[in-house]
Amino acid sequence: RNSKKPVFMQAGLLLFIVLMGYVSYTYNYMLGSALKSFNSLELLPAIMLFAACFTNLITTVFKIKGTVFAFRDYDLLMSLPVSTAAVIASRLTILYVYNMLFTAIIMLPMTVVYGYLAKAGISFYILSLLLIIFVPVIPLTAASVIGTLIAYLASKFRRNNLLNILFSLGFVFVIIGLQFMLQGGAGDLANLGKALTEQIYRFYPLARMYTKAVTEGDLVSFFLFIAISLAAFILYTALVRLFFKRINTLMMSARARADYKLVELKVASPLKALYIKELRRYFSSSIYVLNTGIGIVMITVLAVAGLFVDIEGIFGGEQSLGLLGDNLVLGLVFFIMLSCTTMASISLEGKNFWIIKTLPVEPMTVFFSKIAVNLTICLPVLLDAVLLGIIFKLEAGGIIILVLVSAAASLFIAMYGLIINLMLPNFTWTAEVAAVKQSASTMVTVFSSFGFAAVYLLFAFLIPDATGAGLGYFIFLVLMDMLFYIVLKNYGTKRYYAL
């Protein structure tokens, strides 16, 4: 059975790459065709380069602690007869490979689409393919610097995990704010694309070098892009090598509390005690919080920001606003599906899983405690649904449907993630990020849940009325919640005892 697990993971990864590559190609072709109709096809490489770099930056910042610093087998690796530089290189290589995957998914389809639409020569493909290798380097370096600073500053305080979470969320807020600033008013695609590209060039000058290199065959820009990327990476690696041990010591050192007091012990029900334990475990890991709670954070920020910015102007007028409002259910569910804590809650028990199994409580009580944490994290989305309904000028019935769907989807993803994690647990991880973000359970849960979210499109196709489609989708989610409860009570219980 274990021998089949790597094959299953590789097949799942391959399927994910193919599906995401197809989605990327479709999006690139639609955008490229539209830009070509305005004689602005040259904007496509810059826009997609920025998309790739932005994706790499956001995803990498949250992985620095746990991958480059404060990883679980740090003491073991440092005791081996290998140099510190080799250890650093191995940790950064992990991040590079991960970033290269997202870069390839975005940039390779763009290369094919641009080459076809522009009828580019062989030199375009050669230069593009060579530069793709270096595209993730600067975002990786920048994210590593930001992630290192966040983790280092947080380590200076006693509650370093809380500070790490707050610093990281502050970074997300700044990025979202920049996104709102970059948005222009309504206008034709060409003008909007040119304005956006100018902002990209100003914000990330290497994008101009990349565009000139691949679209104009400018070899100076080509070699300059590579030289700057390598120089930044080498400089960062050299600096990390100087402070690698010191930073790891600070991040991994336990701080003694001087205010210990004897107090009366409190008694709680098994469910409440397990829930508090799970909640503390959740917030004790910044990697866990940032990788499973970011969806709720982003939708909450967008909902609150929508009260103070010109949403109608940003999205291109009242007609576009109405179209987005009709599909608001899909957007909310998408962010909820990104916020699954249970897809790793079993795996994170690690080698101590036997302890929780020996407790005199039923498996369903353990399951409910883990589900309750996920529901707690998703609680703000109920208010977000109301705010977004008001912002997008929905009627009362539409807002109620948004709230109901949000509640049903939150329960859906909590139970679904737990079932998948029971099926595909990982108790042998050496870094939390492996269990939280890189495990088979996580991949299956996240990407298959998008399929469940897309079911709404079927209801929208069959039921033209947005409220009716939302109601139909709500009923579907409720039925799935009931099914998942039965699965947990029967299969989940047996699987729990078998692990």
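The values are calculated or read from the model by the stated rules, or taken from the named source; none is laboratory data. These figures come from a predicted structure and were not determined experimentally. Don't worry about glycine lacking a Cβ; one is built from the backbone with ideal geometry, like all the others, and counts go over all protein chains shown. Side chains included, ligands, DNA and RNA excluded: accessible areas come from the protein's heavy atoms. Shrake-Rupley method; radii C 1.70, N 1.55, O 1.52, S 1.80 Å.
Model label points for Arg241 and Leu279, set 7 angstrom from Cα along the Cα-to-Cβ axis, are 4.8 nm apart.
Using a Förster distance of 22 angstrom, determine the FRET efficiency expected from the C-beta separation of Ile486 and Lys357, and round it to 0.05. FRET efficiency, Ile486 to Lys357: 0.50.
Stretch Ile133-Val455 to full length: gain in nm at 0.36 nm per residue minus the Cα-Cα span?
In short, 112.3 nm is gained.
Rounded to 0.05, the FRET efficiency of the Thr365 and Ile475 pair, given R0 = 30 Å and the Cβ-Cβ distance, is 0.55.
Rolling a 1.4 Å probe across all protein chains gives Leu379 an accessible area of roughly 110 Å².
Roughly speaking, what is the stretch gain from Asn327 to Ala396, that is 0.36 nm per residue apart minus the C-alpha to C-alpha distance, in nm to one decimal? Could you put the intermediate results ahead of the total?
Numbers: separation 69, 0.36 × 69 = 24.84 nm, distance 1.59 nm.
Separation in residues times 0.36 nm, less the Cα-Cα distance, equals 23.2 nm.
Classify the stretch 413-499 as rounded, prolate or oblate, taking a ≥ b ≥ c as the square roots of the eigenvalues of its Cα gyration tensor: rounded when a/c is under 1.5, otherwise prolate if a/b is larger than b/c and oblate if not. Oblate.
Find out how many positive minus negative residues lie around Ser221, taking Lys and Arg as positive, Asp and Glu as negative, among other residues whose Cβ is under 15 Å from that of Ser221. Numbers along the way, then the final one.
On the way: positive: Arg208, Lys212; negative: Glu42, Glu216, Asp218.
Residues near Ser221 contribute -1 overall.
Ordering Asp465, Asp218 by how much accessible area each has at a 1.4 Å probe, largest first, what is the list? Display every interim value, and only then the final one.
Working: Asp465 90, Asp218 40 Å².
Sorted descending by solvent-accessible area, the residues read Asp465, Asp218.
For Ala86 and Ser269, the difference between the fully extended length at 0.36 nm per residue and the C-alpha to C-alpha distance is 60.9 nm. Given R0 = 22 Å, the distance between the Cβ atoms of Leu375 and Ser448 translates into a calculated FRET efficiency of 0.60.
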